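The values are calculated or read from the model by the stated rules, or taken from the named source; none is laboratory data. Please read all numbers here as calculations on a predicted model, not as lab measurements. Please note: Cβ atoms are built from the backbone with ideal geometry, for glycine as well, and neighbour counts cover all protein chains shown.
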Protein chains: 2
Amino acid sequence: MTLPATAQATAPQILARCRDLVRPALTQAVRRLHPWPAEMAAFSLGWSEVGGRPVPGPGAGSHGKGVRQALTVLCAEAAGGSAEDAVAGAVAVELIHTFSLLHDDIMDGDETRRQRPSVWKAYGTGPAVLTGDALFALAVETLADSGNVHSGAAVRHLAGTLNDLVRGQAEDLLFEARPWTGPEAVSPQEYRSMAGHKTGALLGCAAGLGAVLAGAPAATVDALARAGRHLGVAFQAVDDLLGIWGDPQVTGKPVHSDLRRLKKTYPVLAAVSADGPAARRLVALLTSGDPLDDTAARRAAELIEEAGGRSATLAEARHHLESARDSLGSVPLAPAAVGDILTLLPFLVDRRM
Amino acid sequence: MTLPATAQATAPQILARCRDLVRPALTQAVRRLHPWPAEMAAFSLGWSEVGGRPVPGPGAGSHGKGVRQALTVLCAEAAGGSAEDAVAGAVAVELIHTFSLLHDDIMDGDETRRQRPSVWKAYGTGPAVLTGDALFALAVETLADSGNVHSGAAVRHLAGTLNDLVRGQAEDLLFEARPWTGPEAVSPQEYRSMAGHKTGALLGCAAGLGAVLAGAPAATVDALARAGRHLGVAFQAVDDLLGIWGDPQVTGKPVHSDLRRLKKTYPVLAAVSADGPAARRLVALLTSGDPLDDTAARRAAELIEEAGGRSATLAEARHHLESARDSLGSVPLAPAAVGDILTLLPFLVDRRM
């Protein structure tokens, strides 16, 4: 059932409306793949189990909230277009998001994703590389062949994003080998730039694509894309908080999962760069040469909080959320759609906290 | 030095002219990447060693013959455009070619490429996945941002190719697990379809992109793309012959390399499907359960020849080369450029035989 777009809709209703609109085109796109990568893509999207058996029940297809596709649809409406204008863009963005999760899990060696094995773990590295490539190609084709008069501009918008994504992933991978302290240490500013490329770019693209496909003027596209980027960085900050203090029941990851893996996330980098006694004790723990066990991870989380890493990350998330709101207010937009976007913002960032 | 396009130029001169035209734009495109994937891309293109040290001497950058970029340039000229029209397309095609070698080497577990370690072997699997993604994104961006009035059509042309490439690679990977005989065996026809997707598509794209960027009518684009696809399949047939009977000094691969790995290539599949006494002895050898040693591989090569696999593959190559010539003759084209293409054809297919 498709609900009308009204300012009174709740966040779950808004997300469901956009998902219902985009799902048929997304399903149709994935069906155009060779059956083997199509099966792996469906697994990755949460539509099926390993082997291709469909996931039963009403939950099928609601893997993830569909934030990106919703943003594309709502930004097309905000820019004065129709939700239908945005469908090809929303499909492309979901395909690129899935591609990037798939390949990032290979690069990061992550064995689980959303409480299931990651694609490379379930199907092998080679097939997972292939499926990512297939999703990437399908995203470009979906947008290029959409028949929308603005599809050329939309492909250009997507292409720039793809390069940002790769840049962000390169930066993130290189962070791993760098020290926690000294002139080679990763600064919170560098982390912010990486998050802008890796997470901000795709949400910025999701928002901007909606506006491009609606035929919006450059200033509107820029304002919406900027809002999306800020939302993406806020989103990443919240993810970083959840990676340390999130409830495993909700996140699907072990408690303190990012700390155990000595992952360089914003809360840790902000704490280390604070350079007080708690920061120094934290550095000693992180550089002891061992992976952190339960006790050490719990102690590290306490020290990060004591050194101000948790509050700095919360401030970072709030700052970017505020900047997203400012961007939305900087150009004339359709009020009902902006109302929907504003309804989503806190829901997305305050999730699971 | 850029030579003028004349029907009198030799194949190496034609390839050098196109390479000289495309190289600055290709170099500039790769420089736009993050430095890390840029280094791996330069290694993969034969421009530098592991670690980034440039390959010295005049040979630098002539890694591979540059067949694909030459085809794009010559097809733009054949369709009545200028060589300059084609440059962005030639760059995109070389980037996609490099991307596909890089990811295919991961999927196939190939540890060497052109007598050097493959990228995943030299830099690790994750970084190689990343570099392939970077090249893929860069190809789309280069074409989308080229400023050519036909860039939208060019991106659509490329996007269709990308999906064919993935399909061909999926088919090829699935062949590995299938038996040599019985109803599940890979037929020579299935192999032909795979080669059409995996090798034909990119050469077809190279040719078609030149015509698209020159603003050629659909019939001209189709004829040139068809010629490129036939050339690609002929090329693959020759590669398959070289994988069995090629001189290791020239191919850079061990003698009988494809046979040792029990690779399902056209000569073997054609021999097996011939179903005579030699074919049956060949099947016994291939299904003995062991990787082939020197003696067994030499014996297998003899049996393939005896069962007609070698001559069938040569006939296949000649047939597709002839079809490529027919396609070139099916529409009005600029004679000088067609002369150059016809000069290249035998040079490309008869290489190293």
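Of note:
- Residue check for A:Gly81: assigned to a loop (DSSP other than H, G, I, E, B), farther than 28 Å from B:Val166 by Cα and at pLDDT 95 or above: yes
- Top-ranked residue in segment B:131-171 [being assigned to a helix (DSSP H, G or I), more than 8 Å from chain A (Cβ to nearest Cβ) and β-branched (Val, Ile, Thr); ranked as nearest to A:Ser151 (Cα to Cα)]: B:Thr142
- Residue within segment B:26-43 that is at pLDDT 95 or above, out of contact with any Pro (no Cβ under 9 Å at 6 or more places or on another chain) and within 28 Å of B:Val331 (Cα to Cα) present: no
- Taking segment A:87-115 as the range and being free of Cβ contacts under 8 Å to residues at least 12 places away in the same chain and away from chain B (no Cβ under 12 Å) as the test, only A:Glu111 passes.
- A count restricted to segment A:116-130 and to residues that are without any contact (Cβ under 8 Å) to a residue 40 or more places away in the chain, within 11 Å of chain B (Cβ to nearest Cβ) and surrounded by fewer than 24 Cβ atoms within 10 Å (Cβ to Cβ) stands at 3.
- Some residue of segment A:260-270 being more than 14 Å from every other protein chain (Cβ to nearest Cβ), basic (Lys, Arg) and under 27 Å from A:Leu328 (Cβ atoms): no
- Selection status of A:Gly232, modelled with pLDDT under 90, closer than 21 Å to A:Arg113 by Cα and assigned to a helix (DSSP H, G or I): no
- Residues (touching a Lys or Arg at 6+ places or on another chain (Cβ under 8 Å) and modelled with pLDDT of 95 or more) located in segment B:272-315: B:Leu303, B:Ile304
- Residues satisfying the stated conditions in segment B:173-201, i.e. in a helix (DSSP H, G or I), more than 9 Å from chain A (Cβ to nearest Cβ), more than 13 Å from the chain's Cα centre (by Cα) and touching a residue at least 60 places away in the same chain (Cβ under 8 Å): B:Phe175, B:Glu176, B:Pro188, B:Tyr191, B:Arg192
- Across segment B:94-122, the number of residues qualifying as aromatic (Phe, Trp, Tyr) and in contact with a Phe, Trp or Tyr (Cβ under 8 Å, 6 or more places away or on another chain) comes to 1.
- Here A:Lys263 clears all of (1) modelled with pLDDT of 95 or more; (2) over 17 Å from the mean Cα position of the chain (by Cα); (3) under 30 Å from A:Leu158 (Cα atoms) except the condition numbered (1).
- Tally of residues being hydrophobic (A, V, I, L, M, F, W, C) and either more than 25 Å from B:Pro248 (Cα to Cα) or touching a Cys at 6+ places or on another chain (Cβ under 6 Å) (or both) across segment B:284-318: 1
- Taken as a whole, the structure places B:Gly66 among residues that are modelled with pLDDT of 80 or more, touching a helix residue (DSSP H, G or I) at 6+ places or on another chain (Cβ under 6 Å), surrounded by 14 or more Cβ atoms within 10 Å (Cβ to Cβ) and of a type outside the set (A, V, I, L, M).
- You will find that of B:Thr142, B:Thr161, the residue that is at pLDDT 95 or above, touching a Leu at 6+ places or on another chain (Cβ under 8 Å) and not hydrophobic (A, V, I, L, M, F, W, C) is B:Thr142 and no other.
- Residue in segment B:17-34 that is assigned to a helix (DSSP H, G or I), within 14 Å of another protein chain (Cβ to nearest Cβ) and buried (at least 19 other Cβ atoms within 10 Å of the Cβ) present: yes
- Selection from segment B:278-292 of residues that are free of Cβ contacts under 8 Å to residues at least 12 places away in the same chain and not aliphatic (A, V, I, L, M): B:Arg280, B:Ser288, B:Gly289, B:Asp290
- Filtering segment A:260-278 to residues that are among the aliphatic types (A, V, I, L, M) and either in a loop (DSSP other than H, G, I, E, B) or surrounded by fewer than 22 Cβ atoms within 10 Å (Cβ to Cβ) (or both) leaves A:Leu262, A:Ala274, A:Ala278.
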